[in-house]
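Read the structure below first, then the notes.
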Amino acid sequence: MGHPVNNQDVIVIGAGIVGAACADALSQRGLRVMVIEQDMPGSGATAAGMGHLVVMDDNPAELALSAYSVSLWNSLVGDLPQRHEYSRCGTIWVAADEEEMAAARTKADTLSAYGIACELLAPAALYAREPQLRTGLAGGLLVPGDGLVYPPKSARILLDRAIRRGATTLRASVAAIEDNGVLLADGARHQAQHVVLAAGSRSATLLPELPVQPKKGHIAITDRYPGFVHHQLVELGYIKSAHAASGDSVAFNLQPRPTGQVLIGSSRQFDTIDLAVEPAMLQRMLRHAAAFTPALAQLNVLRCWTGLRAATPDGLPLIGPHAARRGLWLATGHEGLGITTSLATAQLLAGQMTGDGTRIPAAPYLPGRFND
Ligand SMILES: Cc1cc2nc3c(=O)[nH]c(=O)nc-3n(C[C@H](O)[C@H](O)[C@H](O)COP(=O)(O)OP(=O)(O)OC[C@H]3O[C@@H](n4cnc5c(N)ncnc54)[C@H](O)[C@@H]3O)c2cc1C
């Protein structure tokens, strides 16, 4: 075994969208970065996700992080949206009944107060925009600034930007995090002043004390049916499903890909890391989706897959210094919102590491909140 290699300021573990965004933000600040990825960049949860860029407002911290991040995405996709397969499709939150319509009104108030454009839709306005929705719905809320990307492509673009600034990548598996460095599975050691753990749902295998657990999700994609739906459609009941801390659930979540395909989500399951597609769960998810858009049942599904979200007890990611280990930083626990929140995560992390400060308060996401 040779001497540890120490020619970088920061080692980032993981080249999913979060690690790639961190490498981009850190290299932009002049730090020498090495990204260690055991697989293909962007092939973990990042490849499995829907790529919906969505402002979520379940609590003020989630709203601040997602709104900041959506604005960063708008700058990133900039003049070349097709490189990210970006579409500003907007989101329609679909209200099945009057109770959910009341939730839509509350959401509209919260978003408007935060300066996010949105529009309540009465049933006629809802059906004018999305004729495939079943009859009898109570209405919806349109958030026109939301969008979508193809996440593995965006991860690659962010990583390539970092590489052009001198960042290096290493295909290897990290076996342990040491003081100011990492031990690889092949026995090699690499050192750096800072180590960033961005290993998604596998983060707790390297740091068992982390309150991060995998939450499995299924997705299906159809053949091309351009114009079948026009916005990302999400049932307001999604919020109940997304927040459940145990058990299995499905929620209606439909996305019009720029290719004309329809991406169908979503499911949530705890206590499994088996990536196999489960026919019973898939059937439950597809039936639920077809209950909202009946003609969906006539479309050809081309492919189904699963992915593992990295869930934390309070639904917020862990961004910032490890509470006890100097030089160790966390950028993980992004659950079902990590494509959206990756860019803001990277800015928060880089701002804390360099002492430059952060655009939004960092406190709600600090890993130390679980040590109090
Ligand atoms: C079904 C599903 C739908 C989703 N839909 C959306 C959505 O519409 N919008 C949204 O914002 N979010 C969505 N998400 C969430 C989003 O995909 C994740 O939050 C995000 O991809 C997390 O990125 P990450 O970089 O933290 O993790 P990952 O993409 O999993 O990357 C972690 C990387 O670390 C590497 N790694 C792990 N351990 C090691 C090690 N020991 N050594 C070296 N490398 C290692 C892995 O190989 C992997 O590439 C969805 C997730 C799922 C599962």
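Check VAL196: other-chain or 5+ apart residues with amide H under 5 Å from its amide H, H built from backbone geometry?
Residues meeting the amide H criterion: ILE11, VAL12, ILE13, TRP329.
State in Å² the accessible area per residue of the stretch 131-204; use a 1.4 Å probe, count heavy atoms of protein chains only, and round to the nearest integer.
I get 42 Å² per residue for the stretch 131-204.
Output the relative contact order of the stretch 1-125, whole-number percent, from Cα pairs under 8 angstrom with separation of 6+ residues.
15 percent
Which one, GLY217, GLY30, GLY51, has the greatest fluctuation when you compute a Gaussian network model over the chain with C-alpha springs under 10 angstrom?
Among GLY217, GLY30, GLY51, the largest GNM mean-square fluctuation belongs to GLY30.
I'd like the carbon and sulfur percentage of the solvent accessible area for the stretch 1-87, probe radius 1.4 Å, heavy atoms only, ligands and nucleic acids excluded.
51 percent
Take LEU26, LEU366 and sort them by solvent-accessible surface of the protein heavy atoms, 1.4 Å probe, largest at the top.
Working: LEU26 0, LEU366 60 Å².
Correct descending sequence by accessible area is LEU366, LEU26.
Provide, as a two-decimal number, the C-alpha radius of gyration of the chain over 2.2 N^0.38 Å, N being how many residues it has.
0.98
Relative contact order of the chain: what whole-number percent is it, with Cα pairs under 8 angstrom and at least 6 residues apart? Mind dumping the intermediate values first?
Numbers: 867 pairs, mean separation 88.0, N = 372.
Dividing the mean separation by the residue count of the chain yields 24 percent.
Determine the gain in length on full extension of the stretch THR272-THR259; use 0.36 nm per residue of separation and subtract their C-alpha separation, reporting nm with one decimal.
1.5 nm
Classify the stretch 280-364 from the C-alpha gyration tensor, please: rounded if a/c falls under 1.5, else prolate or oblate depending on whether a/b exceeds b/c.
Working: a/c = 3.58, a/b = 2.86, b/c = 1.25.
Note, shape of the stretch 280-364 comes out prolate.
Just to confirm, what accessible area per residue do you get for the stretch 226-372 at 1.4 Å probe, in whole Å²?
Spelled out: the 1.4 Å probe surface of the stretch 226-372, per residue, equals 41 Å².
Name the shape class, rounded, prolate or oblate, that the alpha-carbon gyration tensor gives for the stretch 1-55, where a ≥ b ≥ c are the square roots of its eigenvalues, rounded holds for a/c under 1.5, and otherwise prolate holds if a/b is larger than b/c and oblate otherwise.
Oblate, because a/c is 1.5 or more while a/b does not exceed b/c.
Report, ordered by chain and residue number, the aspartates and glutamates lying within cross-link reach of LYS215, taken as a straight Cα distance under 15 Å and ignoring same-chain residues fewer than 8 apart.
ASP248, ASP271, ASP274, GLU278, ASP314, GLU335
Rounded to the nearest percent, how much of the accessible area of the stretch 223-372 (1.4 Å probe, protein heavy atoms only) is carbon and sulfur?
53 percent
Suppose the chain between ASN371 and GLU99 were pulled fully straight at 0.36 nm per residue; how much longer would it get relative to their current alpha carbon spacing?
Answer, rounded to one decimal: 94.2 nm.
What is the angle, in °, between the Cα long axis of helix 338-354 and the longest principal axis of the Cα atoms in the chain? Nearest 10 is fine, range 0 to 90.
30 degrees
May I ask for the angle, rounded to the nearest 10°, between helix 17-28 and the longest principal axis of the chain, with both axes built from Cα atoms and the value confined to 0 to 90°?
So the inclination is approximately 50 degrees.
For the chain, set up a GNM with springs between Cα atoms under 10 Å and report which of HIS190, HIS231, HIS52 has the largest fluctuation.
For the chain, modelled as a Gaussian network with Cα springs under 10 Å, the answer is HIS190.
The values are calculated or read from the model by the stated rules, or taken from the named source; none is laboratory data. Predicted model, so just to flag it, every value in this text is computed and none were measured. Calculation scope for accessible area: heavy atoms of the full protein, side chains included, ligands and nucleic acids excluded. Shrake-Rupley method; radii C 1.70, N 1.55, O 1.52, S 1.80 Å.
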